[in-house]
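The values are calculated or read from the model by the stated rules, or taken from the named source; none is laboratory data. These numbers come from a predicted model, not from an experiment. Heads up, the Cβs are rebuilt from the backbone with ideal geometry, glycines too, and the neighbour counts pull from every protein chain shown.
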Amino acid sequence: MSALLKAIVRQFLFWILFFAITRFVFIVYNYGEILEDHVSLLEQLACFWHALRLDFATSCYFLILPFFVFLFQSVYFVDWLNKVVKIYTYILVVIYSFVTATELGIYPEWKTKLHYKALMYLSHPSEIANSADSKVFFLLLFIGAIQIGIGIFLYKRYFFKDLVKTKFIWFQSLILLLIFPPLLLIGARGGVQQIPINQSESYYSKANIMNLAAVNSGFNLFISVHENMENFKKNPFQQYDPKVAEAEVRRILYTPKDTTTEILTTTHPNIVLIILESWSADLIESLGGKPGITPEFRKLESEGILFNNLISSGTRSEQGMACLFAGFPGHAISCITVQPDKYPKIPSLTKTLKKQGYSTSFYFGGQLIYGNIKGFIMSNGFDKIEEEKDFGNNVIHGKLGVHDEFVLERQHQELNKAKQPFFSALFTLSSHSPFDQPMPEMLHWKIKERRYVNSAYYTDHCLGEYFRKVKKEPWYKNTLFILSADHSHGSYNDWPFTSPMYHRIPMMFIGDVIKKEFRGTTCNKMGGHHDLPATLLKQLKLDASPFRWSLNLLNPTCPEYGYFSFEEGVGWVRKNSYFSYDERMNHFHQMKLPKTEKDSLIKEGKSYLQVLFQDYMHY
C-alpha cells in the first residue's frame, strides 16, 4: 500500500508544481502590465498561495484515472498499465500547455483567460494564424513546446516510477477503495463546505491580471465549457429573426425624453446600498404583506421613496448582484457572474462612481465564493471587501456566516473613517436558510415559511438599530441609503413560482438628501432592481447609457414592464396583463392576456429573453 500511496502523492505534487510553472510563465509574459498596475513583489508572490485551492481541486480531478489504475495494479498487476498512467499524464501536460500558451496570446486583447467562446474561434486555426502577428504566433508555439518539454522531463525524471509487482493484500486495497474516492471528491469540490469551490476562491487582488493568474486555467476552462457548451451553438430562446427581436426590444426600452424627477438635494451624496437577502414584497406591509414582520422598514418609509411595483428578474443572489451593479437582468440557464471572461464587457455602477471620486467598499457576513460573487465584486473594483473570514471569532457566526447585526455595525464603524464621498454596499445574510438568526422567534404565527418570516423580522430589527446609530454621525446628512432585495422568496401566500406575485420585491431610497416633498411618497412605476443603476445615475446627473437594460424609474416618460426568468422560461408583465412561458416544455404556466393584445405581448416577452440571452452570449 505504501508504494501505491507514494505513487498518488507524486502525481499530486507534480500537478501542483506544473500549475505553478505555467502561472510563472503567465506572470513573466505579462510583467509589463503588472508593473503598470503597480503590483508589489509581495502581492505577485501571493498569487501562488491564493492559487493553491483551485490547483488542489484540479489535481484531484486529474488524479481520478491514475488512482483507479494504481488500485487495479495492486489487485492484479499488469506491467503495461504503468504506461497508461504515463501517457495519460503526458496528454494532460500537452493539453494544459496548449491552454496556457493560448491564454498568453488572447489576454493582451481580451483581458480574460481562455474560455468557451474563445475555444470556438480556435476551431479555425488557419484563420487565427493568418490574423495573428507571426512573431507572436511562433513565440507562443515555442513557449507551449517549452512548457511541454519541462513538464514531461520533470514528470519522467522526478515523479513517475513504475509500480512493481508485490504481494496482494486484499484489505489494504479495500481500505484505499473506501477512503480515496471520497477524498478525491471532497478535494475536487474544494472541501466539505456547502458551496463548491469556484474561480472566486483565487481572487485576492485589485489588479485583475493577478486574479486571472491565480485562477487555474484548466478549472476555468472546464467551468466555461460546462456553462456554455449548449448555449453558444445557438440561442436556445430564439423565436424570431434576430433583427425583428432586436427591434422589438428597442421599442420596449425606448424612452421618448428625459424628464427626470429630481428628488435629491445634491448630486454628489454618499451612497449606502443595503442588499436584503431574499426579501419578498410579502414581508412589507405597504406592499400587501402582513403587519408586524418588518416594522422598522415601515417606519423608514416616511423618510424616503418606496418603489412599490418592482419584480426581480432572477431568483438567485448572483443574479441580484448583476442586476444591482451592472443593470443586467437575470436570465434562464446561467448567470453572467459565473463567467469571469464576460466581466470586462458589462458596465459597472461601482466603476462609474469611482470615476467621480467615490471611495468604495463591500461588506458581507458569509462567503462570497457563492455564485462566483467574489470574482464579480472584485471585478467591479471595490476598494475594500470584507466577508466572513475578516470578522474573526469575536462575533456570533451562524451556519452560513456572521449575522446581520455585526456586519451592519462593522460597516457603520468603517464608514466613520471612510473618505467621502463613499459608495458602500452591504449584503445581509440572516434571512437565508437555515434561518438560524441569534434572536428568539417573535412571530409565533401558524403559517408556512414561519422561520423565514422571523429571520426577516431579525434583519429588520438590525436595520432599525443601525439607522438609530448612523443618524447620529456627521456624514448621515449627506448620505443616500438604498434598500433593495437581491431576489424574492416563497412566502406564507404560497404564490406559484411562475407567477409575477412570487417575484415582487421591495426597494426604497431614504435619507436627509431626499427633498422633503418626496419623503414618505411612493414610485408606482413598474420595473425591476436592474433599473437601479440608471435610476441612481440620473439623479447624480451622470451618463447611464452604457446600462442598456436599466431604465430610469424616476422619469415619468420611462416605459413600464415587468420581467422575470426561471429555469428555461420567461415571465412578462404589463399593466393588468402577464404570462409565464417555459421554452423547453413549450408550455404557458400562467396567462392573463386580453385577446386583442395576446400575440403582441407574447412577442414582447419572448423577444426580451431572446435578445437578453443573445447579449449574454455575445459578451
Could you please find all residues in segment 137-163 being buried (at least 16 other Cβ atoms within 10 Å of the Cβ) and either in a helix (DSSP H, G or I) or in contact with a Lys or Arg (Cβ under 8 Å, 6 or more places away or on another chain) (or both)?
Leu140, Ile143, Gly144, Gln147, Ile148, Ile150, Gly151, Ile152, Leu154, Tyr155, Phe159, Phe160
If we take segment 265-375, then strands (runs of 3 or more DSSP E) inside it with 2 or more residues that are small (Gly, Ala, Ser) and in contact with a Phe, Trp or Tyr (Cβ under 8 Å, 6 or more places away or on another chain) are 359-364
Scanning for something surrounded by 19 or more Cβ atoms within 10 Å (Cβ to Cβ) and acidic (Asp, Glu), does segment 37-56 turn up at least one residue?
yes
Answer yes if at least one residue in segment 416-432 is charged (D, E, K, R), assigned to a loop (DSSP other than H, G, I, E, B) and in contact (Cβ under 8 Å) with a residue 24 or more places away in the chain, and no otherwise.
yes
Starting from segment 81-101, keep only residues that are under 21 Å from Leu114 (Cβ atoms), then list their pairs with residues that are small (Gly, Ala, Ser) and surrounded by 17 or more Cβ atoms within 10 Å (Cβ to Cβ) whose Cβ atoms are within a distance under 6 Å, requiring at least 6 positions of separation or different chains.
Val93/Gly151; Tyr96/Gly218; Ser97/Gly144; Phe98/Gly144; Val99/Ser217; Thr100/Ser217; Ala101/Gly144
Verdict on Lys446 being part of a helix (DSSP H, G or I) and surrounded by fewer than 22 Cβ atoms within 10 Å (Cβ to Cβ):
no
Examine segment 106-123 for a residue that is at pLDDT below 90, β-branched (Val, Ile, Thr) and either surrounded by 12 or more Cβ atoms within 10 Å (Cβ to Cβ) or under 34 Å from the mean Cα position of the chain (by Cα) (or both), and state whether such a residue exists.
yes
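Would you mind stating whether Ser565 is of a type in the set (Ser, Thr, Tyr), in the same structural domain as His268 (by TED's automatic domain parsing) and surrounded by 24 or more Cβ atoms within 10 Å (Cβ to Cβ)?
On the way: of a type in the set (Ser, Thr, Tyr): yes; in the same structural domain as His268 (by TED's automatic domain parsing): no; surrounded by 24 or more Cβ atoms within 10 Å (Cβ to Cβ): yes.
Taking the combined requirement at face value, the residue does not satisfy it.
Residues to consider are Tyr616, Tyr581; find the one that is crowded, with 18+ Cβ neighbours inside 10 Å, part of a strand (DSSP E or B) and in contact (Cβ under 8 Å) with a residue 24 or more places away in the chain. Working first, answer last.
Details: Tyr616 fails: part of a strand (DSSP E or B).
Result: Tyr581 is the single residue among Tyr616, Tyr581 that is crowded, with 18+ Cβ neighbours inside 10 Å, part of a strand (DSSP E or B) and in contact (Cβ under 8 Å) with a residue 24 or more places away in the chain.
Per-residue answers, yes or no, for (1) free of Cβ contacts under 8 Å to residues at least 24 places away in the same chain; (2) in contact with a helix residue (DSSP H, G or I) (Cβ under 6 Å, 6 or more places away or on another chain):
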{"position": "Glu441", "(1), (2)": "yes, yes"}
{"position": "Ile447", "(1), (2)": "no, no"}
{"position": "Tyr452", "(1), (2)": "no, no"}
{"position": "Lys516", "(1), (2)": "yes, no"}
{"position": "Leu540", "(1), (2)": "no, no"}
{"position": "Phe547", "(1), (2)": "no, yes"}
Could you grab me the full set of residues in segment 559-569 that are at pLDDT 95 or above and not charged (D, E, K, R)?
Pro559, Tyr561, Gly562, Tyr563, Phe564
Given the conditions (1) in contact with a helix residue (DSSP H, G or I) (Cβ under 9 Å, 6 or more places away or on another chain); (2) among the small types (Gly, Ala, Ser); (3) surrounded by 19 or more Cβ atoms within 10 Å (Cβ to Cβ), report the number of the one that Gly605 does not fulfil.
(1)
Unique residue being farther than 27 Å from Pro291 by Cβ and assigned by TED's automatic domain parsing to the domain that holds Cys335 when the list is Arg519, Arg548
Arg548
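Provide a single number: the residues in segment 15-43 that are polar (S, T, N, Q) and touching a Ser or Thr at 6+ places or on another chain (Cβ under 9 Å). Step through it out loud before you land on a result.
At the first step, the residues of segment 15-43 found to be polar (S, T, N, Q) are 22, 30, 40.
With the extra rule that they be touching a Ser or Thr at 6+ places or on another chain (Cβ under 9 Å), the set shrinks to 22.
Residues flagged as polar (S, T, N, Q) and touching a Ser or Thr at 6+ places or on another chain (Cβ under 9 Å) within segment 15-43 amount to 1.
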